[in-house]
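Structure, as structure tokens:
The values are calculated or read from the model by the stated rules, or taken from the named source; none is laboratory data. What you are looking at is a predicted structure, and each value in this text was computed from that prediction instead of being measured. Cβ placement follows ideal geometry from the backbone for every residue including glycine, while neighbour counts extend to all protein chains displayed. Please note that ligands, DNA and RNA were not included when accessible areas were found on the heavy atoms of the full protein model with its side chains. Shrake-Rupley method; radii C 1.70, N 1.55, O 1.52, S 1.80 Å.
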Amino acid sequence: MAKVGAPSMYTEELANDICMKISVSSKGIPTLCKENPHWPCHQTIFEWRLKNPEFGAKYIQAKQH
């Protein structure tokens, strides 16, 4: 089975891009992932939230805007 989505390498630049777009959109993360093919799949982003407390905090703040 082929993998779907971009590679899951975490970078600050990518994390900031994800959070910025989440903060200005009413769309859900699965939809945003489809619209941004350079992002990893939404499951990977959810894993990043759990594994990286700094990203998790940024993500929560972005969702509150």
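Considering the stretch 24-59, and only residues there that are touching a residue at least 40 places away in the same chain (Cβ under 8 Å) and not in a helix (DSSP H, G or I), the residue that is surrounded by the most Cβ atoms within 10 Å (Cβ to Cβ) turns out to be ASN52. Taking the stretch 4-23 as the search range and keeping residues that are open to solvent by 50 Å² or more (accessible area, probe 1.4 Å) and aliphatic (A, V, I, L, M), which one is modelled with the lowest pLDDT? So the residue we want is VAL4.
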